[in-house]
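I have placed the structure first, in the form of structure tokens, so that the comments after it can refer back to it.
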């Protein structure tokens with residue numbers, strides 16, 4: 001039965017019957033596949049040592065090494081090779097054992113050629129889909145970069161510490177923070193550091209789904225459940241089975257959907273729209289919102305019992321204005337991402353441009369920073385980014401964010417000692433005097449002081465906070 005399959009496979013065929021081997025030596029290539037024929041398990045293991053196979057069709061009862069021995073070797077040394085068990089002695093118990101060992105299929109002898117062909121065609125479809133998924137994931141990593149939380153400021157170190165603690169558990173997590181602070185990135189980081197990392201991560205913005213469709217989108221529906229429901233449809237909970245479902249903008253869910261979400265969190269059950277029978281799914285839920293859920297409970301727009309359930313573990317993301325020292329590193333990361341490069345030279349952005357970024361208020365947080373830098377990358381045309389490459393709204397902030405630091409006119413160690421000032425106060429007076437000398441130019445100030453620009457900003461921000469307190 002000559003064939004031109006959509007998916008050509010590299011197949012290892014193992015059987016101790018010469019007549020069957022002779023048939024498969026002819027027929028498997030006619031089906032469009034490459035085939036290696038072995039007469040027993042020992043020969044098969046030697047073949048596996050030398051080559052990689054997409055699939056192995058294995059007889060169970062063979063001399064030297066039986067089929068189970070080949071299966072064990074495959075599972076330990078070639079886990080990506082799918083295997084199909086074929087035996088004349090098979091019964092239900094052996095079929096069950098084959099499935100438990102990870103068999104793709106079980107074919108009792110004598111099996112007809114069209115049955116083998118159908119199994120291999122289905123396996124080819126599965127492997128093609130798997131390879132397509134891996135390729136898409138690889139492309140996404142190139143475009144988006146790896147899931148990495150940028151910054152070593154104290155607020156971000158605390159966030160990373162919380163993630164490392166909660167990620168290995170199955171606890172529900174609530175991520176709080178302003179729009180644009182990177183809540184989905186934190187959710188992905190939790191997923192990738194968990195035991196579910198090899199399973200799906202499904203993200204959904206609850207505010208982007210119309211109220212009339214949100215239950216169907218999350219929980220699925222049965223054919224005929226409502227107008228337009230022409231077929232059965234899985235919801236995102238079923239799509240995420242075994243993995244993590246990230247519900248962004250949780251506060252946008254309507255009361256009806258909140259009840260269904262609460263039911264899942266309490267019992268692990270979902271019910272498709274139009275279905276009477278519940279389904280059990282294994283999904284970890286991570287939620288995020290920029291809204292005050294406590295206030296929404298008071299206003300009776302969010303269920304208090306659901307808040308208790310989703311708030312098992314809370315991660316609070318700091319706004320960018322509270323972690324300004326991370327901006328230089330964030331800028332380099334975002335520029336590299338926009339330029340689709342893994343590494344870039346620090347000279348890609350000038351100190352004056354960094355200075356301007358550090359002076360902005362960043363109401364839109366990291367999302368706003370990313371947009372500003374994308375604009376700058378385009379305008380710079382591959383040259384080092386300068387303040388002139390930023391949008392006017394950013395340039396106009398220069399000079400408007402001067403610090404109320406009560407700068408002293410002069411500084412001397414003797415006067416500081418006489419006034420019994422602390423070491424921190426003495427240090428700050430000297431920093432402010434050098435800053436005045438350079439007319440507020442922080443890169444020049446940091447250079448004269450012999451400290452990093454980020455360190456200078458840390459000290460100035462801490463001084464501001466003490467004054468405000």
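Side notes on the structure shown:
- The criterion of at least 1 residues that are over 26 Å from residue 278 (Cα atoms) and touching a helix residue (DSSP H, G or I) at 6+ places or on another chain (Cβ under 7 Å) is met, among helices (runs of 4 or more DSSP H) falling completely within segment 146-230, by 154-166, 183-192.
- Scanning segment 312-338 for residues that are over 18 Å from residue 181 (Cβ atoms) and touching a strand residue (DSSP E or B) at 6+ places or on another chain (Cβ under 8 Å) turns up 312, 332, 335.
- Assessment of segment 190-198 against the conditions (closer than 20 Å to residue 250 by Cα, in the same structural domain as residue 240 (by TED's automatic domain parsing) and either touching a residue at least 12 places away in the same chain (Cβ under 8 Å) or surrounded by fewer than 20 Cβ atoms within 10 Å (Cβ to Cβ) (or both)) yields at least one matching residue.
- Of the numbered criteria (1) in a loop (DSSP other than H, G, I, E, B); (2) within 28 Å of residue 199 (Cα to Cα); (3) free of Cβ contacts under 8 Å to residues at least 40 places away in the same chain, the one residue 71 fails is (1).
- Only listed residue being free of Cβ contacts under 8 Å to residues at least 40 places away in the same chain and under 28 Å from residue 152 (Cα atoms), chosen from 337, 341, 323: 341
- For the condition touching a strand residue (DSSP E or B) at 6+ places or on another chain (Cβ under 9 Å) and surrounded by fewer than 17 Cβ atoms within 10 Å (Cβ to Cβ), residue 183 does not qualify.
Condition check ((1) modelled with pLDDT of 85 or more; (2) within 24 Å of residue 19 (Cβ to Cβ); (3) out of contact with any helix residue (DSSP H, G or I) (no Cβ under 9 Å at 6 or more places or on another chain)) across all residues:
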{"site": "54", "(1), (2), (3)": "yes, no, no"}
{"site": "75", "(1), (2), (3)": "yes, no, yes"}
{"site": "85", "(1), (2), (3)": "yes, yes, no"}
{"site": "116", "(1), (2), (3)": "yes, yes, no"}
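- Restricting 280, 270 to residues that are under 22 Å from residue 171 (Cβ atoms), assigned by TED's automatic domain parsing to the domain that holds residue 177 and loosely packed, with under 13 Cβ neighbours inside 10 Å narrows the list to 280.
- Once segment 387-396 is narrowed to residues that are at pLDDT 90 or above and buried (at least 16 other Cβ atoms within 10 Å of the Cβ), the residue that is nearest to residue 354 (Cα to Cα) is 387.
- Flag set for residue 128, criterion: under 39 Å from the mean Cα position of the chain (by Cα), assigned by TED's automatic domain parsing to the domain that holds residue 31 and either buried (at least 19 other Cβ atoms within 10 Å of the Cβ) or touching a residue at least 12 places away in the same chain (Cβ under 8 Å) (or both).
- Segment 209-241, residues that are loosely packed, with under 13 Cβ neighbours inside 10 Å and at pLDDT 90 or above: none
- Every residue from segment 270-311 that is within 13 Å of residue 251 (Cβ to Cβ), without any contact (Cβ under 8 Å) to a residue 24 or more places away in the chain and touching a helix residue (DSSP H, G or I) at 6+ places or on another chain (Cβ under 7 Å): 297, 307
- Output for segment 305-332, where each listed residue is closer than 19 Å to residue 374 by Cβ and buried (at least 19 other Cβ atoms within 10 Å of the Cβ): 320, 326, 327, 328, 330, 331, 332
The values are calculated or read from the model by the stated rules, or taken from the named source; none is laboratory data. In this text, all values refer to a predicted model and were calculated from it rather than measured experimentally. Cβ coordinates were reconstructed from backbone atoms using ideal geometry, including for glycine residues, and neighbour counts include every protein chain displayed.
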